[in-house]
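Enquirer: This is the structure, below, for whatever I ask next.
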Amino acid sequence: MEILKVENLTMKFGSLAAVDNVSMAVKEGEIVGLIGPNGAGKTTFFNCLTGYLQPYKGSIFFKEKEITGLRPNQICRLGLARTFQVVQVFKEMTTWENVLVGAFCRTRDVRQAYAQTIEVLKFTGLADKKDQLVGNLTIADQKRLEISKALATKPKLLMLDEAMAGLNATETKEAIELIKKIRAQGITLIIVEHVMEVIMSISDRVIVFDSGRKIAEDVPAKIVQNPRVIEAYLGVSFHA
């Protein structure tokens, strides 16, 4: 069953089409990778899907309900959550307080929200840092915290925007394991990432953007052989 369907989505800034007539669908339980060069329109696409931008034209359906034009909080309550390319955390608050904000998406009961917060922190490996000020966390832990905040909203579809950018090899491996755990919980994922070894190893399908357009969509093994993708993004050295 399709959990997300996008039809002819276009987002313009003046005369520039940052997203140009893109259509795609995501099935429940999939991990879909979204790749492309800087400026290809990936984050703008995320912003349109999650209500931070209002598309110039096109339609977005989530769980068969049209969500085009809804506000971010409305979309989140429907079960579509996201992280940000630059982490959006409350640095003057503790780790658990940050996650509590997400938990209040589902309940107004403080005890229930706190219980959900602790459960999420245990799941993501941040429970031992729950009382730390977020400003004192490493970048890797702040990225893990942002995922925790999103998970606290109990999403059905989680969209990760460069969640592994800036991580070292060990941290990247830990992030991959967390993504696998998230999928095992029945959560569908769309992942924007520039670390190709990562995206190709965990994605069921990969969609490629270039200059706002979708130029390819296929399983990873075929994407890396696609001449158009090699020319636009991967480069001959990656193919070799």
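The values are calculated or read from the model by the stated rules, or taken from the named source; none is laboratory data. As the structure is a prediction and not an experimental result, all values here were calculated from the model. Virtual Cβ from ideal backbone geometry, glycine too; neighbours counted across all protein chains shown.
Enquirer: Quick check: anything in segment 140-159 in the same structural domain as residue 26 (by TED's automatic domain parsing), on the phi > 0 side of the Ramachandran plot, of a type outside the set (Lys, Arg) and touching a residue at least 60 places away in the same chain (Cβ under 8 Å)?
Expert: Checked segment 140-159: no residue is in the same structural domain as residue 26 (by TED's automatic domain parsing), on the phi > 0 side of the Ramachandran plot, of a type outside the set (Lys, Arg) and touching a residue at least 60 places away in the same chain (Cβ under 8 Å).
Enquirer: May I ask you to list the residues in segment 151-162 that are buried (at least 24 other Cβ atoms within 10 Å of the Cβ) and over 15 Å from residue 50 (Cβ atoms)?
Expert: Once the filter is applied, which keeps residues that are buried (at least 24 other Cβ atoms within 10 Å of the Cβ) and over 15 Å from residue 50 (Cβ atoms), segment 151-162 yields 151, 152.
Enquirer: From the set of residues in segment 1-45 that are out of contact with any strand residue (DSSP E or B) (no Cβ under 9 Å at 6 or more places or on another chain) and hydrophobic (A, V, I, L, M, F, W, C), which is nearest to residue 67 (Cα to Cα)?
Expert: 13
Enquirer: Which residue, of 38, 47, is surrounded by 15 or more Cβ atoms within 10 Å (Cβ to Cβ), polar (S, T, N, Q) and without any contact (Cβ under 8 Å) to a residue 60 or more places away in the chain?
Expert: 47
Enquirer: Quick one: count up the residues across segment 129-150 that are crowded, with 16+ Cβ neighbours inside 10 Å and either within 16 Å of residue 176 (Cα to Cα) or out of contact with any Asp or Glu (no Cβ under 8 Å at 6 or more places or on another chain) (or both).
Expert: 13
Enquirer: Still on this structure: Based on this model, can you work out whether residue 167 counts as in a loop (DSSP other than H, G, I, E, B) and in contact (Cβ under 8 Å) with a residue 12 or more places away in the chain?
Expert: Against the criterion (in a loop (DSSP other than H, G, I, E, B) and in contact (Cβ under 8 Å) with a residue 12 or more places away in the chain), residue 167 qualifies.
Enquirer: Among the residues of segment 94-106, are any among the aromatic types (Phe, Trp, Tyr), within 17 Å of the chain's Cα centre (by Cα) and not in a helix (DSSP H, G or I)?
Expert: No, because not a single residue in segment 94-106 is among the aromatic types (Phe, Trp, Tyr), within 17 Å of the chain's Cα centre (by Cα) and not in a helix (DSSP H, G or I).
Enquirer: Here is a list: 123, 84, 61. Which entry is hydrophobic (A, V, I, L, M, F, W, C), at pLDDT below 95 and within 22 Å of residue 190 (Cα to Cα)?
Expert: Selected residue: 84, the only one of 123, 84, 61 that is hydrophobic (A, V, I, L, M, F, W, C), at pLDDT below 95 and within 22 Å of residue 190 (Cα to Cα).
Enquirer: Any chance segment 118-132 includes a residue that's farther than 29 Å from residue 45 by Cβ, without any contact (Cβ under 8 Å) to a residue 12 or more places away in the chain and touching a helix residue (DSSP H, G or I) at 6+ places or on another chain (Cβ under 8 Å)?
Expert: Within segment 118-132, one or more residues are farther than 29 Å from residue 45 by Cβ, without any contact (Cβ under 8 Å) to a residue 12 or more places away in the chain and touching a helix residue (DSSP H, G or I) at 6+ places or on another chain (Cβ under 8 Å).
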